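Reviewing the structure listed below.
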Amino acid sequence: MRFRIENMTCGGCARGVARAIQSVDPAAKVVADPPSRMVDITSDKPRNEIERVLTQAGFPAVAA
C-alpha cells in the first residue's frame, strides 16, 4: 500500500513513520521517501489500521 504523508519532511520523520507502522506489524517493510512525502508499505495489516497508527503518531496519511 502507498500513502502520502504531508508532514514527513526528513529522515527523522521517516524513522518515526516506520516505527509507528512496525509497532502494529513488526514484519512490515517500509520504504519512505521524505522529499516526495510518499511511503510504500508491505504489510498483512489492513489499510485502516495502518492509517490509524500513523495518525496517532502525528503523521496523518492519505492513500496514494
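The values are calculated or read from the model by the stated rules, or taken from the named source; none is laboratory data. The shown structure was predicted, so the numbers you read here are calculated from the model rather than taken from an experiment. Glycine also receives a Cβ, built like all others from the backbone with ideal geometry; neighbour counts cover every protein chain displayed. With ligands, DNA and RNA removed, areas are computed over all heavy atoms of the protein, side chains included. Shrake-Rupley method; radii C 1.70, N 1.55, O 1.52, S 1.80 Å.
Looking at G11, G58, which is the one that is on the phi > 0 side of the Ramachandran plot and modelled with pLDDT of 95 or more? Lay out the reasoning, then the answer.
Numbers: G11 fails: on the phi > 0 side of the Ramachandran plot.
None of the other options fit; the residue is G58.
Go through (1) open to solvent by 60 Å² or more (accessible area, probe 1.4 Å); (2) of a type in the set (G, A, S); (3) in contact with a Ser or Thr (Cβ under 6 Å, 6 or more places away or on another chain) for A64 and report which single condition fails.
All conditions pass for A64, except number (3).
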